[in-house]
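Asker: For reference, the structure I am asking about is given below.
The values are calculated or read from the model by the stated rules, or taken from the named source; none is laboratory data. Keep in mind it's a predicted model, so treat the numbers as computed, not measured. Ideal geometry is used to build each Cβ from the backbone, glycine not excepted, and the neighbour counts take in all protein chains shown.
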Amino acid sequence: MTATTSNVTIETTKPPKLEVIGMTKRFGNMTALDNVSITLKPGTFHALLGENGAGKSTLVKCIMGFYTADSGKVLINQQPQKITSPRDAHKYGIGMVYQHFTSIPAMTVAENLVLSCLEGPNIINWDAEYDRLLLFMNSAPFHLDLHTPIYQLAAGQKQKLEILKQLYLKSRILILDEPTSVLTPQEADEILGLLREEVIAEKLSVLMISHKFREVTAFADEVTVLRKGKLAGYGTIKNLSVSDMAEMMMGEKSESQPVEKQATVAKVPVLEIRNLHTNKDNGLVGISGVNLVVHAGEIVGIAGVSGNGQKELVEVLAGQRAATAGEILVNGENYKATRAEMYKHQIFSLPEEPLKNACVPNMSVAENLALRTFDRPPQAVGSWLLINQVIRQVAQGLIQQFSIKTPSPETPIVNLSGGNVQRTVLARELSSEKVKLLIAANPCFGLDFSAVSFIHDQIVDARNRGVAILLVSEDLDEILKIADRVLVLSEGKFFYESAIVDADVVEIGKRMAGH
Ligand SMILES: Nc1ncnc2c1ncn2[C@@H]1O[C@H](COP(=O)(O)OP(=O)(O)OP(=O)(O)O)[C@@H](O)[C@H]1O
């Protein structure tokens, strides 16, 4: 039996030097990347910063050969190379790890690793593959049991596997696109710390897109900053403060004061969840007998790693999934999450993956902004004659107010950067004056720091006005910063509850990790 797995290697002692020179990429009339140069020195941990829509993903997609740049060069160890596909990039030792996991849940760690290397139809000699895998695992920075199926791994372990796949492919340059967004703070520090050790040992170079200054200052050596598609700055981390980096990103020092939380008045329950149960798509238990009350003027944070029932809880509340048992009350009335009930009680929601769950991807930004109100005046006469001019005007106001970066209100929303899709949905859901209950799932996922503080201010402001807010978030720092109370959701149940002022972060981290 034979097995052919990838044998491509760049046999140098250090990782290769990667230089991008004068790279430009246009989408129609829009210049997403404008004459950008960046150097990734061998054995360095380099952060790539920039606000939403600055061109970070476009740059790394051009390096990886997903996109063909309009102009510019890529040099590997001083030699110009043409990279026209990720497979090409692998030949030069460059691999990319995405925000979302790409492993196949029903297959084991070993099977996923072997699959990532297969180059065509093959007959696999599993004995030989296991020998190779064991050898590889012994020298790898992370260790995973080869026989465990992916669906049994925690988020941190899945992210480790994504990195291991690239190392198994012999990638010496790792490009990481916001690698810690689905991890607990402890998991993020562990993974970045281990990668940093590989970098210090000059086994790897890392180019990491991040919005988290804490991680950039803790783990990176150098930083390149993009602003509006152009190179805005470059420097050594030890010589730069967070406010220097923020200034490079935004073009000015950001001194805005966060909205202060005001003392709230009487505790009127708005949302009451009693003994709620629901299943996941695969029929397994999603939520198992949870009880919760969210009061007017209160932010209740639900911490936890994704996949522990958060999605199912939010979907039941948004009318996208049926409860199998239990009851939900809003303002003391039975609530089944119909569109009419949501309108009556002025319930708004910000779901996860907004492009998929809260947008019509091929419709324009203006049309997506109008999805809640298109059939009501002033955007419609009666409920059928839509006034496009008003829809456009409303959209222009929201685009400005929420700083949505879009070539025009008519641009299909699918063409916006991830962060700007998020802003569009937030603009639509948060701009209603009447909102009484807000259900927000990871509202700042993928947003840059100024957008995050803007959104946090909006949420705190809503709370101060008496809105009841259920904040389901994988970002514990976010919950600790703006929530009044925190609960941890793990395997469909609440395991911890505390007022934020008394919250024990270590205990929360343990509960999030399922201990
Ligand atoms: N396929 C595409 N078609 C048209 N425009 C695009 C396409 N991909 C990206 N853009 C535009 O290019 C610009 C840069 O987007 P990019 O995704 O590189 O930003 P980013 O810095 O990675 O942002 P984020 O932090 O939000 O992920 C944005 O204005 C985006 O709308």
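Asker: Residues to consider are 98, 67, 151; find the one that is within 30 Å of residue 28 (Cα to Cα) and at pLDDT below 85. Don't jump to the end; show me each part of the working.
Answerer: On the way: 67 fails: at pLDDT below 85; 151 fails: within 30 Å of residue 28 (Cα to Cα).
One residue alone meets the criteria, 98.
Asker: Among what's in segment 458-515 and is more than 23 Å from residue 187 (Cα to Cα) and β-branched (Val, Ile, Thr), pick the residue that is surrounded by the most Cβ atoms within 10 Å (Cβ to Cβ).
Answerer: 469
Each row is one residue, and each column tells you yes or no for (1) over 20 Å from residue 246 (Cβ atoms); (2) of a type in the set (Val, Ile, Thr); (3) modelled with pLDDT of 90 or more.
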residue: 444; (1), (2), (3): no, no, no
residue: 448; (1), (2), (3): no, no, no
residue: 453; (1), (2), (3): no, no, no
residue: 463; (1), (2), (3): yes, no, yes
residue: 474; (1), (2), (3): yes, no, no
residue: 480; (1), (2), (3): yes, no, yes
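Asker: Then there's this: Just to be sure, is residue 309 in contact with a Leu (Cβ under 7 Å, 6 or more places away or on another chain) and at pLDDT 85 or above? Before the answer, list the steps.
Answerer: Details: in contact with a Leu (Cβ under 7 Å, 6 or more places away or on another chain): yes; at pLDDT 85 or above: yes.
So residue 309 passes the test.
Asker: Quickly run through segment 429-470 and pick out the residues that are among the hydrophobic types (A, V, I, L, M, F, W, C) and within 16 Å of the ligand (Cβ to nearest atom). Let's see the steps before the verdict.
Answerer: Our first condition is that a residue be among the hydrophobic types (A, V, I, L, M, F, W, C); within segment 429-470, this holds for 430, 435, 437-441, 444-445, 447, 449, 451-452, 454-455, 459-460, 462, 467-470.
Correct list: 444, 445, 447, 449, 451, 452, 454, 455.
Asker: Name the residue, out of 53, 95, that is within 23 Å of the chain's Cα centre (by Cα) and farther than 26 Å from residue 191 by Cβ. Working first, answer last.
Answerer: Numbers: 95 fails: farther than 26 Å from residue 191 by Cβ.
From the options 53, 95, the qualifying one is 53.
Asker: Out of 133, 161, which single residue is part of a helix (DSSP H, G or I), at pLDDT 85 or above, touching a helix residue (DSSP H, G or I) at 6+ places or on another chain (Cβ under 8 Å) and buried (at least 21 other Cβ atoms within 10 Å of the Cβ)?
Answerer: Numbers: 133 fails: buried (at least 21 other Cβ atoms within 10 Å of the Cβ).
Among 133, 161, only 161 is part of a helix (DSSP H, G or I), at pLDDT 85 or above, touching a helix residue (DSSP H, G or I) at 6+ places or on another chain (Cβ under 8 Å) and buried (at least 21 other Cβ atoms within 10 Å of the Cβ).
Asker: Related question: Test of understanding: among 171, 181, which residue is touching a His at 6+ places or on another chain (Cβ under 8 Å), assigned to a loop (DSSP other than H, G, I, E, B) and either over 30 Å from residue 302 (Cα atoms) or small (Gly, Ala, Ser) (or both)?
Answerer: Matching residue, one of 171, 181: 171.
Yes/no matrix, rows are residues, columns are (1) closer than 30 Å to residue 193 by Cβ; (2) touching a residue at least 24 places away in the same chain (Cβ under 8 Å):
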site: 45; (1), (2): yes, yes
site: 87; (1), (2): no, no
site: 90; (1), (2): yes, yes
site: 98; (1), (2): yes, yes
site: 103; (1), (2): yes, yes
site: 109; (1), (2): yes, yes
site: 115; (1), (2): yes, no
site: 129; (1), (2): yes, yes
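Asker: Kindly indicate whether any position in segment 199-212 is over 20 Å from the mean Cα position of the chain (by Cα), in a helix (DSSP H, G or I) and without any contact (Cβ under 8 Å) to a residue 24 or more places away in the chain.
Answerer: Our first condition is that a residue be over 20 Å from the mean Cα position of the chain (by Cα); within segment 199-212, this holds for 199-205.
Keeping just the survivors that are in a helix (DSSP H, G or I) gives 199-200.
When the remaining residues are screened for being without any contact (Cβ under 8 Å) to a residue 24 or more places away in the chain, the result is none.
The answer is no, given that none of the residues of segment 199-212 is over 20 Å from the mean Cα position of the chain (by Cα), in a helix (DSSP H, G or I) and without any contact (Cβ under 8 Å) to a residue 24 or more places away in the chain.
Asker: Looking at (1) within 26 Å of residue 70 (Cβ to Cβ); (2) surrounded by fewer than 21 Cβ atoms within 10 Å (Cβ to Cβ), find the lone condition where residue 190 falls short.
Answerer: Of everything listed in (1) within 26 Å of residue 70 (Cβ to Cβ); (2) surrounded by fewer than 21 Cβ atoms within 10 Å (Cβ to Cβ), residue 190 misses just condition (1).
Asker: Counting only residues that are over 30 Å from residue 273 (Cβ atoms), within 13 Å of the ligand (Cβ to nearest atom), surrounded by 20 or more Cβ atoms within 10 Å (Cβ to Cβ) and not hydroxyl-bearing (Ser, Thr, Tyr), how many does segment 385-428 have?
Answerer: 6
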